[in-house]
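Here, each number is a calculation from the coordinates, and none is a lab measurement. None of these values were measured; they are calculated from a predicted model. Backbone-built Cβ (ideal geometry, glycine too); neighbour counts: all protein chains shown.
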Amino acid sequence: MALFKRSWNGRRAIIATGGVMVSLVFGLAAPLSTHADELPKETVLPFAAANRAIHAALEACKKDGYRVSVSVVDRAGVPRAMGRADGAGPHTVDSSRKKAYTAASARRPTTELADLITKIPTLQALRDINGDILMLGGGLPIEIGGDIVGGIGVGGAPGAHLDDACAQAGLDAIGAAPKVPVPK
C-alpha cells in the first residue's frame, strides 16, 4: 500500500492507495451477510387486509344499528388502518384504537382480560401499564397461520359483547382465527 502526503489549501492529508483499502471495504460485507440470516422473520398484516377487516366490522355493526369506530393495529400496536361510521361518537376513535392495541399487545381478547382483572384483583395493575391499554371488551388479536399479526378493536356498540361480535366479523372477513366463542 502506498501512502503519500498531499496538500489542499494549506492542509495536509494522508491518502492510502492500493489493494489493501479495497479488501478492507469488501471484507466488511462478508460478516454482515451472515448476520442477516439471524434476523427474525415476521408475518405482516397487509394494508388491504386491514381495510377489509375494518369494512366488515363496520358493516356488521351498521346492520344491527350501531355506529362505531374500528381500528386495526400491527403486532407492535402501531395503527394500520381505521374507520369511523357516520354518527359514531368521537370517543369511539380512541377506544377502538386502544382495544386493538391491548389485544395485540396481550395477544388475548380484551373481554377475557377485563374478566381476568375482575376475578383476580392483584392483576388490576395491568390497566396501568401504559396509557394505550384499555381493559374493555371489543378488542381481538388477529391470528393468521398461527402468528399474531395485529389486533382489531371496535368501540361504540351498546355493550362489549356487541363490539366483540363486530370485531369477529372483521376477523372472519380476512380468514383470521376466530377469537369469540360461537353462541350455542
### Task
Please go through the residue pairs 63/99; 41/62; 99/119 and name each one whose alpha carbons sit more than 30 Å apart in this structure.
41/62
### Query
Please state the Cα pair-distance histogram of region 47-173 with 5 angstrom bins from zero: what percent is in each bin?
2, 14, 25, 26, 18, 10, 4, 1, 0
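How would you order 129-141, 54-66, 81-93 from highest to lowest mean count of nearby Cβ atoms within 10 Å?
Peptide ranking by packing, descending: 129-141, 54-66, 81-93.
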### Task
For region 110-172, just run the numbers: alpha carbon Rg, then divide by 2.2 N^0.38 Å, N being how many residues it has.
1.17
### Message
Based on the alpha-carbon set only, what is the convex hull volume of region 86-134 divided per residue, in Å³?
### Response
81 Å³
